[in-house]
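The values are calculated or read from the model by the stated rules, or taken from the named source; none is laboratory data. From a predicted model like this one, the values you see are computed outputs, not experimental measurements. Neighbour counts run over all protein chains shown; Cβ positions are idealised from the backbone, glycine included. The protein model used for the area step is the full one, side chains on, heavy atoms only, and it has no ligands, DNA or RNA in it. Shrake-Rupley method; radii C 1.70, N 1.55, O 1.52, S 1.80 Å.
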Amino acid sequence: MELTQKQKQAYDLLTDMVTDYVGYGGAAGCGKTALGCYWLLELGFYLNGARFFIGRDSIKDTKVSVIKTWSEVAKKIGFSGYEFTGDGILFSNGTEVELLDLSFYPQKDPVFERLGSKEYTAGWIEEASQVNYLAFETLKTRVGRWKNEAVKSKILCTFNPKKNWIDAVFYRPFANGKESKDTRFIYALPSDNPFLPSDYIKRLHELKDEATKQRLLFGNFNYDDSPNTMCDYGAITAIFKNDIVKKTGKYYITADIARFGADKAIIIVWDDWVVVDHRVFAISKTTDIQLCIEHFRHKYKIPKRQCLADDDGVGGGVVDNCGILGFVNNGRPFDGENYQNLQSQCGYKLAEKINGGEVGFECDLDENTKEAIISELQQLQTYDSDSDGKLKIKPKELIKQDIGHSPDWRDVFLMRAYFEYQRAAPKPQDLTGYF
Ligand SMILES: Nc1ncnc2c1ncn2[C@@H]1O[C@H](COP(=O)(O)OP(=O)(O)O)[C@@H](O)[C@H]1O
Ligand SMILES: [Mg+2]
C-alpha cells in the first residue's frame, strides 16, 4: 500500500528512534485510521510477540471503525496472518493488539487506574480529541515496557480539531514553530489524501454547520464561530463564483513580500476588484519578485501608481527598486475616519467589498490555495474595538498564532482597498515620479 505524503511523514516519525508522541490529523478523511492500522500491521509483523493497544473513548466505536479499516489495509498490503479475538487482534507470530476502552468514568475510575498495570510496546489513541487527557498521561507510562529492545516506545494520537489537550499538546506548538523533538504533529487535510472517494470533499463542503465544516473540511483548530468575524463564510466563498462583478479594465497590482525571505510572497493582478492573475513564490528572492512585478506591469499595462507592495522589511527594497507605492501596515489611515491604522482601514473596506459581492476571482486555483484564502479571509475580524473608540482588526500576530502562518492572502487582498481611498483623495506626493 502506498502512503500519502502526509502519512509517510508520520510513518517516518513513528519508526524513528527519536520521537515519543506523534499527532496526526487535522480534518476528516485525511487517512488517520488507515495510518494507525498500517503502522501497527507493519510493526506487529516484524516484531514477534509485541504488545500494542488501540484506544478510543468507546470500545464499540473502536471495534466498528478500526476493525473495518484494519481488514482493508491488511488486504491492501497482502497480509493475513492475524485474527480478531473478542477483545483485540492476535498475530500468528504472537503479537497482540488490545482494544482499549478509554471512556472516562468519573465515579468508577477517575484516574484511569485500570490502565495502571498494563505493559505495551507502543500504542495508538484513535480520535484522541474525545479522550480524557489523563488517559494519555497514564498510557505514556505504560509504553516502552514490552519488547522495546529494538523499537522505540511510541504513542500515536489521531484526531480532528478540538480546543482541548490535543490542541495544546500537538497543534499549538506545531503552529507556533515550537515543537520539541519528542512530540511532533503532522497536519493533514482531506485534500492531502488522493485516495478519497471523489464525492467525499464535496459532501464536506455541503455541511450546514459552519463550525463543523471548518473543523472537518478545513482542519481549522480555531474555529469557534467568533462573533467578531467581519465576513461570513458564504460571502467569502462567493468570491470564487462571482460572475456578475464588473471589470472595468483598470488594473492594479498588490504584492505581499515575504519578510526576511521566510513567509511566501504573493503578487496579485486586479482588474478593478477582480483577481485576474497571480503568482506565489514559496521561497522568495527579491529579484524574482521584482521581475514578476515588472512582467505583470507590462503585460497588463499598469502604471506604477497603481502598484502597491508592503513596505515593511524586505518589501521596502522592492518598492524602491520597482518605483511603486509602498504600503505601511501601521501607517496613518486616510483622513476622515477613525481607524487605528492604515491596515485596519483597508481591512474594513475589504470586508465591505466582500459582503457587497464586489470581489471576484477569475484565475485557476488549486483546492489548497482556495482553502488558505478562505481561512485567511475569515480572519478578517474586528478586534477590541471599544477600548479607545478606534476601529481595529485582529492583528497579524494573533492570526499567526491561530492559523499557524502569516495571513499573506489576507494582506494582498486588503491592500487593494488602498486604491479606493487613494482614488477618492489623491495626494500630490503620491503621484510624483510615477509617470
Ligand atoms: N494510503 C492509502 N492508500 C489507499 N487508500 C487510503 C490510504 N489512506 C487512506 N485511504 C482511504 O481514504 C479514506 C479515508 O481514510 P481514513 O483513514 O478513514 O481517514 P480518516 O480516519 O482520517 O477519516 C478511506 O477510504 C481509506 O481507505
Ligand atoms: Mg478515521
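When restricted to residues that are of a type in the set (S, T, N, Q) and either free of Cβ contacts under 8 Å to residues at least 60 places away in the same chain or touching a Phe, Trp or Tyr at 6+ places or on another chain (Cβ under 8 Å) (or both), the stretch 370-402 contains 5. Residues in the stretch 353-371 that are outside any loop (DSSP other than H, G, I, E, B) and β-branched (Val, Ile, Thr): 354, 369.
Taking the criterion of being among the β-branched types (Val, Ile, Thr) and not in a strand (DSSP E or B), the residues of the stretch 106-144 that qualify are 111, 121, 131, 138, 141.
Yes/no matrix, rows are residues, columns are (1) away from ligand 2 (no atom under 16 Å from the Cβ); (2) part of a loop (DSSP other than H, G, I, E, B); (3) buried (at least 17 other Cβ atoms within 10 Å of the Cβ):
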| residue | (1), (2), (3) |
| --- | --- |
| 202 | yes, no, no |
| 207 | yes, yes, no |
| 212 | no, no, no |
| 215 | no, no, yes |
| 218 | yes, yes, yes |
| 221 | yes, yes, yes |
| 240 | yes, no, no |
| 247 | yes, yes, no |
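For the stretch 172-190, how many residues are more than 16 Å from ligand 2 (Cβ to nearest atom) and either in a loop (DSSP other than H, G, I, E, B) or of a type in the set (Gly, Ala, Ser) (or both)? Qualifying residue count for the region: 8.
Looking only at residues in the stretch 1-26 that are of a type in the set (A, V, I, L, M) and in a helix (DSSP H, G or I), which one is farthest from ligand 1 (Cβ to nearest atom)? Restricting to residues being of a type in the set (A, V, I, L, M) and in a helix (DSSP H, G or I), the top hit is 13. Filtering 192, 167 for residues that are within 16 Å of ligand 1 (Cβ to nearest atom), surrounded by 15 or more Cβ atoms within 10 Å (Cβ to Cβ), within 19 Å of residue 126 (Cβ to Cβ) and among the acidic types (Asp, Glu) leaves a single hit, 192. So is residue 149 more than 16 Å from ligand 2 (Cβ to nearest atom), in contact with a Pro (Cβ under 9 Å, 6 or more places away or on another chain) and in a loop (DSSP other than H, G, I, E, B) or not? When the stated conditions are applied, residue 149 does not pass them.
The set of residues in the stretch 117-138 being more than 19 Å from residue 15 (Cα to Cα) and either away from ligand 1 (no atom under 16 Å from the Cβ) or hydrophobic (A, V, I, L, M, F, W, C) (or both) consists of 117, 118, 119, 128, 131, 132, 133, 134, 135, 136, 137, 138. Could you go through the stretch 217-238 and let me know if any residue there is within 16 Å of ligand 1 (Cβ to nearest atom) and either touching a strand residue (DSSP E or B) at 6+ places or on another chain (Cβ under 7 Å) or without any contact (Cβ under 8 Å) to a residue 40 or more places away in the chain (or both). Yes, the conditions are met somewhere in the stretch 217-238. Residue-level check: of (1) open to solvent by 60 Å² or more (accessible area, probe 1.4 Å); (2) modelled with pLDDT of 90 or more, residue 124 misses just (1).
Looking only at the stretch 282-299, which residues are open to solvent by less than 40 Å² (accessible area, probe 1.4 Å) and part of a helix (DSSP H, G or I)? Once the filter is applied, which keeps residues that are open to solvent by less than 40 Å² (accessible area, probe 1.4 Å) and part of a helix (DSSP H, G or I), the stretch 282-299 yields 289, 290, 292, 293, 296, 297.
I'd like to check something: does the stretch 63-73 contain any residue that is more than 14 Å from ligand 2 (Cβ to nearest atom) and hydrophobic (A, V, I, L, M, F, W, C)? No, the stretch 63-73 contains no residue that is more than 14 Å from ligand 2 (Cβ to nearest atom) and hydrophobic (A, V, I, L, M, F, W, C).
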